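Down below is the structure, laid out as structure tokens.
The values are calculated or read from the model by the stated rules, or taken from the named source; none is laboratory data. On a predicted model such as this, the values are computed, not experimentally measured, just so you know. Quick reminder, even Gly has a Cβ in these numbers, built from the backbone with ideal geometry, and neighbours come from all protein chains shown. With ligands, DNA and RNA removed, areas are computed over all heavy atoms of the protein, side chains included. Shrake-Rupley method; radii C 1.70, N 1.55, O 1.52, S 1.80 Å.
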Amino acid sequence: MARIGVFTCWCGENIARTVDVHGLAERVGRLPGVQCSLAYKYMCSDPGQALIREKIKTERLDGLVVASCSPHMHLKTFRKTAAREGLNPYLVEMANIREHCSWVHHDKDEATAKAFELIRMSVAKVRQNRALSPIRIPVTRRAMVIGGGVAGIQAALDIADAGCEVVLVEREPSIGGKMAGLSETFPTLDCSQCILTPRMVDVAQHPKITLHTYSEVESVEGFVGNFTVTVRKKARYVDIDRCTGCGQCWNVCVSKKNPSEFDFGMGNRTAIYVPFPQAVPARPVIDKDVCLRLTKGKCGVCAKKCQAEAIDFDDKDRLVTEEVGAIVVATGYKLYSVAKPGGEPRDKTTPAGYGEYGYGRYPDVIDSLQFERIVSASGPTGGEIRRPSDGKEPKTVVFVSCVGSRDNAKGLSYCSKICCMVNAKHTMLYKHKVHDGEAHVFYMDIRSGGKNYDEFVRRAIEQDGAHYHRGRVSKITEENGKLIVRGVDTLVGEPLTIEADLVVLAAAMRPADGVRPLAQKLGVGYDEFGFLSESHPKLRPVETNAAGVFVCGACQGPKDIPESVAQATAAAGKVLVMFSNNELTREPEIAAVNEQTCAACFACVRACPYQAIERAEIRDRNGHLLKRTARVNPGLCMGCGTCVAVCPSKSADLEGFSEQQIYAMVESLV
């Protein structure tokens, strides 16, 4: 390859301010194999790409180097430009002289010299490049959505409405997630269940959606377009096909004082129960840990009353296998555990807790989701605001922001994004029901970024009379039936003590339980807090580094309902793009094993983080074994190069980043 074109981008002033782009282009033009070298203000623009296409044609170029920004930004752009002129797109390389050079240096001469070396390395590499062809993989046009909250419901409906089959897996007895337990939503104060339950019913009735509730993902095998997912359907002890949902079983159940998970412990439920009246499916499940028949062999009155004979105490977990082409993860969130974790080993994911707030010790100190159930018409108090301790109406309520958020010492470092709006909503709901009550909010900063969000907070303060105090709460104690909240108002510059009847803690959002093991099954990365990692925060916000696996909702980071729904629709759109063709095209820059020299030590099999290398056998036409070898599955390989590093026989190599290419880049600097 000896006719290479080098195109240096100014990137406005991002590069040209620190690098002498004209002098650089002139010097690069004298490198061996460089046919032409040009500089232009914006290479990614239409005129810039037209310039590249023209030079490919007139100079008969057989390789390109674009010196500009990160390949993550525009490598695909320039490869498409080359392909339009008939040049193989994998004969195009990018030298990153912005992030790696101009943005990190201030001396123009030194930055220009470094930019030249980066370009020289790319020229040496492209001389060793060879034409590659995209990998084509058949696609199963069927998707799985893991998590049945509002994000999972939205993603499932969008995919199903486009005509593709969807398998929705939810580990709770009903879909709906956290939103099903909310009273009203900000900033419009719409009834949460009025918005959500019609969509829950749509999921249950949609002919393209298969619903697995009270189920969890057991294992995931395969690769993009061809996943085999094993789902564990936990024993419900109720045949939902026979059950009519009449309610006789839970009405006669004698085990009645079991804390309700749906009410976050604010109310009780029976051993056989439907989580909430609008549940989908509206069929009960038996809690095997409290059912007297399952724990002690006694009772069984529910089975005697069931006319449909739907109760089955011998029910067992079942494994169901689903073949899907794409997976959307929408596992949602849980609230930060406010109480001190008592002797647990502490690391970044096990915060110290706030024992001084009395959560778990004082019954009238609750978190924001528990308050939602108190104010909800379907809650344990029927929508009347009552203290958990004695059932009295609280006349003074204190709402504490940032409990567990933005606190490196005792909590988590990040902002949970919705707490300011949640507190504003709660003060309104409280004042709407207790007109003579007082609502106090302790806050660090009011972060109300969103359409009509700031106006919503101002309304809570100016129209509903909420008292906002900028400062932290140091301690909460109980004296004579009152909660003594000690804090400070930094705007006034004085300590503040409030005698409260009820305290509501706006706890931080955290990933749901079990998300880390699930991420490991899927091959998806996650951060130190357990939130799933997207492929690129700006350009690929719903994709992951595991091809064919997408994320949406609060499993990826704290977010509110509108953002979760928008992200769910985006994830569904990405799935439908995958399903738009019967075959999936993948980048060919993956590992390859020379089966003739492979020693079959299988070190690469053990080292591969994506399980993309398998043990294979080579046999003659009579079926006799000739040798064993490692073989790369092109659908699974992500091109990380780990196998290349561990292969003792040097039989593994990486297309597009071969050892020959890397050595050529190094030698160009010597």
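Data table
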| item | result |
| --- | --- |
| Among LEU189, ALA607, TYR237 the positive-end extreme of the charge dipole of the chain (Cβ point charges) | ALA607 |
| DSSP-loop trypsin sites (Lys or Arg not before Pro) across the stretch 518-559, with at most 13 other Cβ within 10 angstrom | LYS538 |
| 0 to 90° range, to nearest 10: angle between helix 108-128 axis and the chain longest Cα axis | 80 |
| Size of electric dipole in the stretch 127-265: Cβ of Lys, Arg +1 and of Asp, Glu -1, about Cα centre, debye, nearest 20 | 600 |
| Trypsin sites (Lys or Arg not before Pro) within the stretch 46-107, DSSP loop, no more than 15 other Cβ atoms inside 10 Å | ARG60 |
| Nearest-20 debye value, the stretch 431-559 charge dipole, Cβ charges on Lys, Arg, Asp, Glu | 520 |
| For the stretch 1-89: span of alpha carbons on each principal axis (Å, largest first) | 34, 27, 21 |
| Student exercise, the chain dipole from Lys, Arg, Asp, Glu Cβ charges, in Debye to nearest 20 | 1080 |
| Semi-axes of the equivalent ellipsoid for the stretch 525-647, Cα gyration tensor, largest first, Å | 38, 17, 10 |
| The chain: angle of helix 192-205 to the longest principal axis, Cα-based, in degrees nearest 10 | 70 |
| Against the rule of thumb 2.2 N^0.38 Å, how large the Cα Rg of the stretch 471-547 comes out | 1.84 |
| Members of LYS233/LYS288; LYS41/LYS76; LYS334/LYS559; LYS233/LYS257 lying beyond 22 Å, as alpha-carbon distances in this model show | LYS233/LYS257 |
| Convex hull of the stretch 103-230 built on C-alpha atoms - directionally averaged projected area, nm² | 15.1 |
| Solvent exposure of the stretch 13-110 as accessible area per residue, Å², 1.4 Å probe | 51 |
| For the chain, the fraction of alpha-carbon pairs in successive 10 Å shells from zero, as % | 3, 13, 18, 20, 18, 13, 9, 4, 1, 0 |
| Computed over the chain: relative contact order in percent, which uses C-alpha pairs under 8 Å that are six or more apart | 13 |
| Value of D in µm² per second that Stokes-Einstein yields for the stretch 185-295, Kirkwood Rh from Cα pairs, at 20 °C (1.002 mPa s) | 130 |
| The chain: angle of helix 419-433 to the longest principal axis, Cα-based, in degrees nearest 10 | 20 |
| Residue (of MET43, LEU369, ILE209) at the positive-pole extreme of the chain, dipole from beta-carbon charges | ILE209 |
